[in-house]
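Undergrad: If you scroll down you'll find the structure; I have some questions about it.
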Amino acid sequence: MATRWGLCGAGKISHDFSVAMKTLPPGDHQITAIASRSKDQAQEFAKRHGIPKVHGSYEDLAKDPDVDIVYLGVLHTEHWKVGLLFLKAGKNVLCEKPFAMNCRQVKDLVATAKKSDVFLMEAIWSRCFPVYAEVRRLLAEQAVGEVKLVKAYFGSPQLTIPRSVEKELGGGALLDIGVYCLQFVLMVFNGERPQSIHASGVLLDSGVDESVVVVMKFSGNRMACCTFSIAVRLPNDAVISGTKGSIQVLGPMHCPTALLVNDKQAEFPLPDPSLPLNFTNSTGLRYEAEEVRQCLLKGLKESPRMPLAESILLTEIMDEIRKQVGVRYSQDGE
């Protein structure tokens, strides 16, 4: 029986998610409904992607009996409010990253999911890529010895994009792309809490972070360094350095198709999209969708690849970084 998806939001990421779905067997995944604040936009989207049902409100989608799980593709300033709506209605939810605006909101979502006894996952799609599975396998085998240092870079010039730079839209490098660097470090260090976090950054006039460097220290004298920016292009790779060699996830590190292990390269190609995509390697969203399906089939309420406790820790780290660089959103005062 196919996993029946409902899309919340008819924006760019929902388009790419729909295109990625077409690379999976229709007997396993079906998008049965879409909801948007603009019914016209939702109808146009449904027509383009062959989605049978259109809802003019999120509330209607929450009540739809033909939806097993909702993919939350709205702006992250809305994740908390809209996420609570679906979770309270008893719907399973895959919520785009960042999970919410701060840790208080994330804990709220997690507690509500547990209370409603439904599945919830932060859509850190990176975790579901074959390259990441290979990295985890290599680390488990201690292929590069004892890991001492992790470095992750993500820089993408987007100062002309309102959602990247405006505070009201949850702008800033950290929430948009820095989250990918930090989650990578946490994956390598098995979701361990850092002993110390030192962040330095520069802000835009709007009060959001333009470029940030974060240095973290973990137990056993292990270090991590993350650099992210919405002003410049960076190598966008990630390097794990151990006592016997290194693993380099080649850019784009957040949706990779290749890695170097001690200079030996391995390729993990993606299927071709049936329609043009908005974001790099977006057909890779298929891996995340399949991860959700497998979790639901096993009756799991969270994904072992991106556990809820790790999403909480990730947001706590981001809250601390924002505090150190001086970024505060209206949601922080609620």
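Undergrad: Against the globular-protein guess of 2.2 N^0.38 Å, express the Cα radius of gyration of segment 28-92 as a ratio, rounded to two decimals.
TA: The value comes to 1.06.
Undergrad: I've got another one for you. Can you sort 176, 68, 60, 205 by solvent-accessible area, 1.4 Å probe, largest first?
TA: Sorted by accessible area, descending: 205, 60, 68, 176.
Undergrad: Report the gain in length on full extension from residue 146 to residue 63: 0.36 nm times residue separation, minus Cα-Cα distance, nm rounded to one decimal.
TA: The span from residue 146 to residue 63 would gain 24.8 nm if fully extended.
Undergrad: Name the residues of segment 1-39 whose amide N is less than 19 Å from a point 7 angstrom out from the Cα of residue 331 along the C-beta direction?
TA: Correct set: 8-14, 37.
Undergrad: Taking amide H atoms as placed 1.01 Å from N in the peptide plane, list the residues 5 or more away in sequence, or in a different chain, whose amide H sits under 5 Å from that of residue 29.
TA: 3
Undergrad: When the Debye formula is applied to the Cα atoms of segment 275-325, each taken as the same point scatterer, what base-10 log of I(q)/I(0) results at q = 0.18, 0.28, 0.29 Å⁻¹?
TA: Debye output, listed in q order: -0.78, -0.95, -0.98.
Undergrad: Can you work out ³J(HN,Hα) from phi for every residue in segment 215-228, in order, using Karplus 6.51 cos²θ - 1.76 cosθ + 1.60 and θ = phi - 60°, giving whole Hz and x for Gly and Pro?
TA: Values per residue, Gly and Pro as x: 10, 10, 10, 10, 4, x, 6, 9, 10, 9, 9, 10, 10, 9 Hz.
Undergrad: Between helix 285-297 and the chain, what is the angle of the helix's C-alpha long axis to the longest principal axis, kept within 0 to 90° and rounded to the nearest 10?
TA: 70 degrees
Undergrad: May I pose another question? Using a 7 Å offset from the Cα along the Cα-to-Cβ direction at both residue 277 and residue 298, what is the distance between the two label points in nm, to one decimal?
TA: Using points 7 Å along Cα→Cβ, the separation is 2.6 nm.
Undergrad: Still on this structure: Kirkwood hydrodynamic radius for segment 234-294: how many Å is it when counted over pairs of different Cα atoms?
TA: 13.2 Å
Undergrad: So for the chain: antiparallel DSSP bridges make up what percent, rounded to the nearest 5?
TA: Rounded to the nearest five, the antiparallel share is 55 percent.
Undergrad: For segment 41-94 and segment 284-324, compute the distance between their C-alpha centroids and round to whole Å.
TA: So the two Cα centres are separated by 19 Å.
Undergrad: Same structure again: Using Cα pairs closer than 8 Å and at least 6 residues apart in sequence, work out the relative contact order for segment 24-163, in percent.
TA: 15 percent
Undergrad: Once the mean 1/r over all distinct Cα pairs of segment 1-113 is inverted, what Kirkwood radius in angstroms do you read off?
TA: Evaluated on segment 1-113, it is 14.0 Å.
Undergrad: Considering all alpha-carbon pairs of segment 42-171, what whole percent are spaced by more than 16 angstrom?
TA: 73 percent
Undergrad: If you don't mind, another one. Within the chain, which cysteines find no other Cys whose Cβ is under 4.7 angstrom from their own?
TA: 8, 95, 103, 128, 225, 255, 295
Undergrad: I've got another one for you. Using 7 Å Cα-to-Cβ label points, what is the residue 233/residue 203 separation (nm, one decimal)?
TA: 3.0 nm
Undergrad: Give, as ranges by residue number, the residues of segment 312-334 whose backbone N falls under 15 Å from the point 7 Å along Cα→Cβ of residue 193.
TA: Those under the cut-off are 312-321.
Undergrad: If we restrict to alpha carbons, what Rg and Dmax does segment 162-245 come to, in Å?
TA: Expressed in Å, the Cα Rg and Dmax of segment 162-245 come to 14.1, 47.
Undergrad: Another question about this same structure. Using the heavy atoms of the protein chains and a 1.4 angstrom probe, tell me the accessible area per residue for segment 56-197 in square angstrom.
TA: 35 Å²
Undergrad: With N set to the residue count of the chain, report its C-alpha Rg divided by 2.2 N^0.38 Å to two decimal places.
TA: 0.96
Undergrad: Radius of gyration and Dmax for segment 123-193's Cα atoms, expressed in Å?
TA: When restricted to Cα atoms, segment 123-193 yields Rg and Dmax of 15.1, 45 Å.
Undergrad: Here is a follow-up. Would you calculate a helix-derived [θ] at 222 nm for the chain, using -39,500 (n - 2.57) for each DSSP H run of n ≥ 4 and dividing by the full residue count, to the nearest 500?
TA: My calculation for the chain gives -9500 deg cm²/dmol from helical runs alone.
Undergrad: Output ³J(HN,Hα) for segment 252-259: one whole-Hz value per residue in order, computed from phi by the Karplus curve 6.51 cos²θ - 1.76 cosθ + 1.60 with θ = phi - 60°, and x for Gly and Pro.
TA: Listing the rounded values in order: x, 5, 8, 8, x, 10, 8, 9 Hz.
Undergrad: A further question on this structure: Please report, in debye to the nearest 20, how large the charge dipole of segment 171-246 is about its Cα centre when each Lys and Arg carries +1 at its beta carbon and each Asp and Glu carries -1 there.
TA: For segment 171-246, the charge dipole is close to 440 debye.
Undergrad: Report the relative contact order of the chain, percent, no decimals, based on alpha-carbon pairs under 8 angstrom and at least 6 residues apart.
TA: Relative contact order, the chain: 20 percent.
Undergrad: Could you name the lysines whose alpha carbon sits less than 20 Å from that of residue 264, not counting residues in the same chain fewer than 8 places away?
TA: Filter leaves 151, 244.
Undergrad: To one decimal place, what Kirkwood hydrodynamic radius in Å is obtained for segment 177-334 from all pairs of distinct Cα atoms?
TA: About 17.8 Å, per the Kirkwood formula over Cα pairs.
Undergrad: Let me spell out the model: positive unit charges on the Cβ of Lys and Arg, negative unit charges on the Cβ of Asp and Glu, origin at the Cα centre of the chain. What dipole size does that give, in debye rounded to 20?
TA: 380 debye
The values are calculated or read from the model by the stated rules, or taken from the named source; none is laboratory data. Worth saying up front: this structure is predicted, and the values here are computed from it rather than measured. Neighbour counts run over all protein chains shown; Cβ positions are idealised from the backbone, glycine included. SASA here: full protein model, heavy atoms, side chains in, ligands and nucleic acids out. Shrake-Rupley method; radii C 1.70, N 1.55, O 1.52, S 1.80 Å.
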